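Beneath this line is the structure, given in structure tokens, with notes to follow.
Just so you know, all these numbers are worked out from the coordinates, no wet-lab data involved. Keep in mind it's a predicted model, so treat the numbers as computed, not measured. Positions of Cβ are generated from backbone atoms using ideal geometry, with glycine treated the same way; all protein chains shown enter the neighbour counts.
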Amino acid sequence: MRIIAGEFRGRPLASLGKGDAGAHLRPTTDRVRESLFSLLMGGRFGDPVTDARVLDLFAGTGALGLEALSRGAADVTFVESGRKAQSLIARNIATLGVGDRARLLRRDARRLGENAEAPCSLIFLDPPYGKGLGEGALRSAREGGWIGNGAFIVWEEGADIILPQWCSIEEVRRYGDTTITLLRAE
């Protein structure tokens, strides 16, 4: 795994190869990340990345949030409950030297609590596939003031999702067994 473009282009990230089923880690591949960010920054949706406050739920290795930082996001908050994944995120933050723009919340994404800072404008949601965890995480983020009005939400899932009433679908893309749904918070 590596950063695809931007400030840290080509820099390697700590990874697990094809993932760790026991830890529910399934890193987003370089190819899917490249396609996703090309779509996000291609102009069709404006530019939801540059200067964004990013929330990366079920962050795994942190690759999505770190890619956003590399491409101009202001800061990123990683939320991860797994110890192995927390270690990978911490290592990747240190490797890129972005500790001043990144923080790791070591907790369940479905129990975020209150956000004491400005709401986020770009949310990555990559829960373990097929477990229905994404809906609860979005609900918690919304109730805690983490999601700003008009925020862009990127939901990566392997099964059908239940769309929150306060979101509209912008686009849906399939990459093998992965479906990425782009949502807008209303």
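Observations on the model:
So that you can scan it fast, the table gives a plain yes or no per residue for (1) surrounded by fewer than 19 Cβ atoms within 10 Å (Cβ to Cβ); (2) among the small types (Gly, Ala, Ser):
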residue: Asp100; (1), (2): yes, no
residue: Pro128; (1), (2): yes, no
residue: Ile153; (1), (2): no, no
residue: Ala159; (1), (2): yes, yes
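- Sole exception among (1) of a type in the set (Gly, Ala, Ser); (2) farther than 15 Å from Val79 by Cα; (3) in contact with an Asp or Glu (Cβ under 8 Å, 6 or more places away or on another chain) for Ser121, by number: (3)
- Filter result for Gly136 (surrounded by fewer than 17 Cβ atoms within 10 Å (Cβ to Cβ) and in contact with an Asp or Glu (Cβ under 8 Å, 6 or more places away or on another chain)): no
- Residue check, Ser168 loosely packed, with under 14 Cβ neighbours inside 10 Å and of a type in the set (S, T, N, Q): yes
- Residue, nearest to the chain's Cα centre (by Cα), within segment 55-86, restricted to residues that are in a helix (DSSP H, G or I) and surrounded by fewer than 20 Cβ atoms within 10 Å (Cβ to Cβ): Gln86
- Qualifying residue in segment 95-113 (condition: in contact with an Asp or Glu (Cβ under 6 Å, 6 or more places away or on another chain) and either part of a helix (DSSP H, G or I) or under 18 Å from Ala137 (Cα atoms) (or both)): no
- None of Ile162, Ile89 is out of contact with any Pro (no Cβ under 7 Å at 6 or more places or on another chain) and either basic (Lys, Arg) or in a helix (DSSP H, G or I) (or both) except Ile89.
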